[in-house]
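Undergrad: Sharing a structure, written as structure tokens. Questions coming.
The values are calculated or read from the model by the stated rules, or taken from the named source; none is laboratory data. Because the structure is predicted, anything quoted here is derived from the model rather than measured. Here Cβ is always computed from backbone atoms with ideal geometry, including for glycine, and neighbour counts include all displayed protein chains.
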Amino acid sequence: MDKENKIEVRNLNLWYGDKQALKNNSIKIRKNHVTAIIGPSGCGKSTFIRCLNRMNDLVEGVKITGEVSINNKNIYDKDVDVVSLRRRVGMVFQKPNPFPMTIFDNVAYGPRIHGIKDKKKLQEIVEKSLKDTTLWNEVSDRLDKSALDLSGGQMQRLCIARTIAVKPDVLLFDEPCSALDPVATGKIEDLIQELKKEYTIVIVTHNMQQAARVSDYTGYFLLGELIEFGKTKQLFENPKEKSTEDYITGRFG
Amino acid sequence: MGKRLNLENTIRGILLLFSTAALVILAIIVVFLFKEGLMLFQHTSVTDFLFGHKWIPAENIYGAFPFIVSTILVTLGALLISVPLGISCAVFLVEISPRWARELVRPAIELLAGIPSIIYGVFALIIVVDVLRVPFNLATGETILAASIILAIMILPIIISISQDSIDSVPRIYREGSYAMGATDWQTISKVVVPSARRGIIAGVILGCGRAIGETMAVVLVIGNVEKLPLSLLDSGETLTSAILLEMGEAVIGSLHYNALFCLGIIPFLIVLVLSMLSSRLITKRVSRFE
């Protein structure tokens, strides 16, 4: 069970217009583990993670070839319903983006759009999601207040709560802490450790210490190519590639 | 030295004068309007003026109620038509339409805003009035509804362009957040984008409403101008502003009739003042919210 691959990417290429942003990448992502994607700015790591829930479909002029299989089903097949795919593969963004509505409505947004109307059921989901993201004690007395009044770290945890409220099985984090202070970052990192028991997690980060702290596997991207992929400990302590070593020792990037 | 300082001060003084001119003019208009208008109340009580059903200048009876009701009905009718139309148009232009369509429609809407109101009036008199007469089996198509329709067309550009700006400024990350949870286009638009833009949309509607209340020329041509209480949208009526337009020519300056017409003017003045204050508050708040 532990060795099971949740996501298998084969020969993934992506072009923005004429510019190739991802070059023939293949990667296997383990179930219930945290996989970190690191690399210098503009290396394609965000583009890569956005292929896993087809967020790149929203960008004009994108062309994608290759295969991304989740639970052994290629999500780029013609018969795939993108809406239900994104429900199963949740995403948390770089900048906390709670909607301008109440805390409750933010968390209930996903369940509601997927058809849950029963108030009691919604309340249960909201409470559970907020507890799972350690936010419950901080906000339980002001669920009806605007989510925009929360601190940055709280907002980001709210976004995580919102994402897990639809019970996905994969969670994608796209530099989730880059707008947060160290304390808030620590809380999110602890949370990721908790969440991997239930979810398969992929996290993009420009912070190598963060990758080393939270992940089990790490992939290093450079100029759209996956240079090296392996167990985090091994990649950081004993990288096989020269360019990986240069990057993690801070010689460039 | 003294000369240069003098010049500086003179220029400063002139600029100050110019910059306060608008304020001074506004103050003069307000004082004039109220001075002339409020004289009516030496003869007629405020309640008689606001709720009186009869307007007979020859007998010095001045009840503005029919005009007030006509104005409200015309404006509500116009909003009923233009708000759903305008918001859907704005949503379509920002969220759905291909770029070429947007580029085609935008100048058309701007042009629509620039047409003189008398042209709208003539158009309404010839087309709208006639179109209404037959299906509703009316003696005349010159009705509140006709005025509402033409006003709706006139305020559409305001509602569309302000709503459009406001929807456009909804951060992309809100949309992405919604899509990332498996929302469809429609769910994202109706549950996240439009609610996030609602302040701006409401501001647009309020501005449009103010324009509708103040508009005179187009309305006067098609509303029928009957000084009686309208009971439905298919009755003829007469708005506050059209009454002023029609009667000011024959009112003797300084007479009670003259004062009464100024008094009619105070009502839309106050309403529009409140509406524009409301909308500018909404707009500035919205901006600060999205940084």
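Undergrad: Pairs under 6 Å by beta carbon, first residue closer than 29 Å to B:Tyr258 by Cβ in the stretch B:59-82, partner outside any helix (DSSP H, G or I) and among the basic types (Lys, Arg), six or more apart or different chains?
TA: B:Ile61/B:Lys54; B:Gly63/B:Lys54; B:Pro66/B:Lys228
Undergrad: Let me ask something additional. Just give me the residues in the stretch A:149-184 being more than 25 Å from A:Gly115 (Cα to Cα), buried (at least 16 other Cβ atoms within 10 Å of the Cβ) and more than 15 Å from the chain's Cα centre (by Cα), in sequence order.
TA: Correct list: A:Leu150, A:Gly153, A:Gln154, A:Ala179, A:Leu180, A:Ala184.
Undergrad: Taking helices (runs of 4 or more DSSP H) that fall entirely within the stretch B:1-93, which contain at least 3 residues that are over 22 Å from the mean Cα position of the chain (by Cα)?
TA: Fully inside the stretch B:1-93 and qualifying: B:2-38, B:46-51.
Undergrad: Within the stretch B:276-291, track down each residue that is more than 14 Å from chain A (Cβ to nearest Cβ), at pLDDT below 80 and loosely packed, with under 15 Cβ neighbours inside 10 Å.
TA: B:Thr284
Residues checked against (1) touching a strand residue (DSSP E or B) at 6+ places or on another chain (Cβ under 7 Å); (2) away from chain B (no Cβ under 11 Å); (3) not in a helix (DSSP H, G or I):
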| site | (1), (2), (3) |
| --- | --- |
| A:Lys120 | no, yes, no |
| A:Leu130 | no, yes, no |
| A:Arg157 | no, yes, no |
| A:Thr163 | yes, no, no |
| A:Pro176 | yes, yes, yes |
| A:Val183 | no, yes, no |
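Undergrad: Hey, another quick one. In the stretch A:141-155, which residues are of a type in the set (A, V, I, L, M), more than 23 Å from A:Ile49 (Cα to Cα) and not in a loop (DSSP other than H, G, I, E, B)?
TA: Across the stretch A:141-155, the qualifying residues are A:Ala147, A:Leu148.
Undergrad: Do the conditions hold for A:Met55, that is, is it within 28 Å of A:Phe221 (Cβ to Cβ), within 9 Å of chain B (Cβ to nearest Cβ) and among the hydrophobic types (A, V, I, L, M, F, W, C)?
TA: Judged against the criteria, A:Met55 is a match.
Undergrad: If you take the residues of the stretch B:90-107 that are more than 22 Å from A:Leu58 (Cα to Cα) and touching a helix residue (DSSP H, G or I) at 6+ places or on another chain (Cβ under 9 Å), which of them is surrounded by the fewest Cβ atoms within 10 Å (Cβ to Cβ)? Steps first, answer last, please.
TA: Of all residues in the stretch B:90-107, those more than 22 Å from A:Leu58 (Cα to Cα) come to B:104-107.
With touching a helix residue (DSSP H, G or I) at 6+ places or on another chain (Cβ under 9 Å) added as a condition, the list becomes B:105-106.
Numbers: B:Val105: 16, B:Arg106: 14.
Selected residue: B:Arg106.
Undergrad: Name the residue, out of B:Gly214, B:Gly204, B:Gly200, B:Gly210, that is within 14 Å of another protein chain (Cβ to nearest Cβ), in contact with a helix residue (DSSP H, G or I) (Cβ under 8 Å, 6 or more places away or on another chain) and either closer than 25 Å to A:Leu85 by Cα or of a type outside the set (Val, Ile, Thr) (or both).
TA: Result: B:Gly200 is the single residue among B:Gly214, B:Gly204, B:Gly200, B:Gly210 that is within 14 Å of another protein chain (Cβ to nearest Cβ), in contact with a helix residue (DSSP H, G or I) (Cβ under 8 Å, 6 or more places away or on another chain) and either closer than 25 Å to A:Leu85 by Cα or of a type outside the set (Val, Ile, Thr) (or both).
Undergrad: Just one of (1) farther than 21 Å from B:Ile189 by Cβ; (2) modelled with pLDDT of 95 or more trips up B:Leu111, so point out which.
TA: (2)
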